[in-house]
Amino acid sequence: MSLENQPSQNHSFSRKTPEGDERERLVCNNCDFVHYENPKIVVGSVCVWNKADDGEPRFLMCRRAIAPRVGFWTIPAGFMEEKETPEQGAMREAREEACATIVPKALLAVYSIPRISQVQMMYISSLSTADIAPGPESTDVALLRWSEIPWDEIAFPSVYWALAHYQQVHNQGVFAPFTNPDGQNGDFDLAAAKSLIQPVL
């Protein structure tokens, strides 16, 4: 339940352990309302354009204009908004970051990043057109061949994970969604994540 739906709007919170709980929570000193702080859900896509003249797939990559990791490359992804589905969120993020129209095709992976309390849902999506442009959160966007992706300038480990997992299943019609790669628990280890990538798609 949101704070807006509480009978008292004069909230003053302290951290304490509510009765029957075993964790400290933010509890209102006036009405005992418990404000739960839960993990955030991130949605994103490996966005593929399969209609290039040479028949080679292109991948939508965005150079970040905002912190964290300004200037590094990522796939379109971001926090879900209220009252939207994960697929709608993935479509919105591609539109906001790259002015791209995409169609989510399959859930690629669900990653856990406990150090920052995130759950990340990544899709394989197709681009409806090759028309893209930088949105407010990007300084540059590009449709790149696999060999053209700037592998030394990737923003986050989970971007490597998603691209590596796409690499494993892109020729499969049906597959089970991935979780974190073996041995990778969400620490910010770019070198370990990059090691998953094979040079040839």
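The set of residues in the range 153-189 that are surrounded by fewer than 17 Cβ atoms within 10 Å (Cβ to Cβ), without any contact (Cβ under 8 Å) to a residue 40 or more places away in the chain and assigned to a helix (DSSP H, G or I) comprises 167, 168.
The single condition among (1) under 20 Å from residue 160 (Cβ atoms); (2) touching a residue at least 40 places away in the same chain (Cβ under 8 Å) that residue 76 does not meet is (2). Looking across the range 80-108, the residues that are assigned to a strand (DSSP E or B) and crowded, with 24+ Cβ neighbours inside 10 Å come down to 102, 108.
Taken together, the residues in the range 28-79 that are assigned to a strand (DSSP E or B) and of a type outside the set (Val, Ile, Thr) amount to 18. I need the full set of residues from the range 38-55 which are in contact with a strand residue (DSSP E or B) (Cβ under 7 Å, 6 or more places away or on another chain) and either at pLDDT below 95 or over 30 Å from residue 144 (Cα atoms) (or both), in order please. Correct list: 39 only. The sole residue among 109, 52, 90 that is more than 17 Å from residue 135 (Cα to Cα), touching a Phe, Trp or Tyr at 6+ places or on another chain (Cβ under 9 Å) and not basic (Lys, Arg) is 109.
The values are calculated or read from the model by the stated rules, or taken from the named source; none is laboratory data. Note that the coordinates shown come from a computational prediction; the quantities given were computed from them, not determined experimentally. Cβ: placed from backbone, ideal geometry, glycine included. Neighbour counts: every protein chain shown.
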